[in-house]
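Novice: Before anything else, here's the structure in question.
Every read-out reported here was derived from the displayed coordinates using simple, explicitly stated rules and does not represent laboratory data. Note that the coordinates shown come from a computational prediction; the quantities given were computed from them, not determined experimentally. Note that we place each Cβ from the backbone using ideal geometry, even for glycine, and neighbour counts take in every protein chain shown.
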Amino acid sequence: MIPLSVCFVVQNEQDNLPRILQSAQGIADEIVVVDGGSADRTPEIAREYGARVFQRPYTDQSDQKNYAVSLAANDWVFVLDADEELSAELKKSVQQWKQDTPRFDVYEMARLTWYLGAWIHHSRWYPDWQRRIYRRDRANYSGAMHSGLRFAGQAGRLKGDLLHFTIRNFAEHEAKVDMYTTVVAREMFQQGRRDWRAALWIATPWAWFRYFILGAGFLDGYRGALIAQMAARGVRLKFQKLGKLINADKQTKSRGAA
């Protein structure tokens with residue numbers, strides 16, 4: 001049997017954490033939780049489920065996840081978020097996988113999101129393949145906001161969905177888009193991206209078209225319309241914020257040269 005460490009990066013997740021910790025029972029040989037400084041009962045709840053809890057001030061998603069994985073006792077890790085849950089089929093798939101000899105260094109699974117009272121099966125939100133089970137010496141995370149797993153070769157797939165309870169209401173969706181676009185705009189600026197006006201006018205409507213038409217968001221009803229609307233808004237805000245950073249930088253350099 002393959003020993004598997006289940007790793008979490010958390011902060012103020014006392015409402016979500018019991019669900020995913022309960023879901024991890026039966027597949028986890030150990031649970032590692034890195035807490036970024038919770039003000040609620042998150043650490044205590046994690047310990048109640050037998051987790052090894054470590055405190056570390058939050059840096060960014062990739063850095064925290066890589067740190068959590070470095071604390072694992074096993075070579076194989078399963079990185080989960082507090083707002084997720086394993087479906088019965090996925091849990092069975094992981095249990096069966098533990099009995100076999102792995103053919104890949106990384107395994108992915110589909111993620112199904114609950115949004116405003118329903119599961120979203122289209123809108124480019126599904127299957128939303130997530131690469132979460134891997135040999136920690138063969139892959140690592142990169143990306144400050146939306147971390148991605150870097151590795152060589154092909155990923156294997158497991159049956160079943162990783163259930164995602166990410167957004168509780170539309171106001172929370174708006175807040176997440178605003179926060180995300182601020183971080184992404186800053187990353188783009190730091191990476192030297194300076195063209196933004198054309199992208200603002202072209203990419204914004206294209207985002208809506210991709211989500212609502214090409215992604216069949218119309219099949220998700222009014223929720224699909226909202227998802228497409230927020231996708232377009234995210235693109236618009238991202239480039240607007242990038243433009244502000246570029247203009248502010250130009251003004252600073254201009255004053256310095258005067």
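Novice: Using Cα-only point scatterers and the Debye equation, what is log10 of I(q)/I(0) for the range 170-257 at each q in 0.24 Å⁻¹, rounded to two decimals?
Specialist: Rounded to two decimals, the profile gives -1.12.
Novice: Run lengths n ≥ 4 of DSSP H only: what is the helix-derived mean residue ellipticity at 222 nm for the chain, with -39500 (n - 2.57) per run over all residues, to the nearest 500?
Specialist: Value at 222 nm, helices only: -14000 deg cm²/dmol.
Novice: Sorted by packing (mean other beta-carbon atoms within 10 Å per residue), highest first, where do 127-133, 95-101 land?
Specialist: The packing order, highest mean first, is 127-133, 95-101.
Novice: Of 65/159; 176/241; 65/241, which pairs sit farther than 19 Å apart, going by alpha carbon to alpha carbon?
Specialist: 65/159; 65/241
Novice: Could you work out how far the C-alpha centroid of the range 159-195 sits from that of the range 209-227, in angstrom?
Specialist: Taking the Cα centre of each part, the range 159-195 and the range 209-227 sit 18 Å apart.
Novice: Next question, about the same structure. Enumerate the whole-percent occupancy of each 5 Å bin, from 0 to the last occupied one, for all C-alpha pair distances of the range 4-167.
Specialist: Result, from short to long distances: 2, 9, 18, 22, 23, 16, 8, 2, 0 percent.
Novice: So how long is each side of the range 1-66 along the principal axes, counting just the alpha-carbon atoms, biggest first, in Å?
Specialist: Dimensions of the range 1-66 along the principal axes of its Cα atoms: 35, 24, 15 Å.
Novice: For the residues 138, 124, what sequence is obtained by ranking on other C-beta atoms within 10 Å, fewest first?
Specialist: 138, 124
Novice: Under 12 Å from the 7 Å Cα→Cβ point of residue 1, by amide nitrogen: which residues of the range 23-47?
Specialist: 26-30
Novice: Also, I was wondering about something else. Can you return the aspartates and glutamates within cross-link range of residue 98? Criterion is Cα-Cα under 17 Å, with same-chain partners fewer than 8 residues away left out.
Specialist: Here the aspartates and glutamates satisfying the reach criterion relative to residue 98 are 29, 30, 75, 89, 108.
Novice: Additional query: What is the distance, in nm, between label points placed 7 Å from the Cα along the Cα-to-Cβ direction at residue 47 and at residue 255?
Specialist: 4.9 nm
Novice: In the Gaussian network model of the chain, springs joining C-alpha atoms below 10 Å, which of 12, 74, 169 carries the largest mean-square fluctuation?
Specialist: 169
Novice: Taking neighbour counts of Cβ atoms within 10 Å as a proxy for exposure, in what order, fewest first, do 142, 254, 5 appear?
Specialist: Least crowded to most crowded, the residues run 254, 142, 5.
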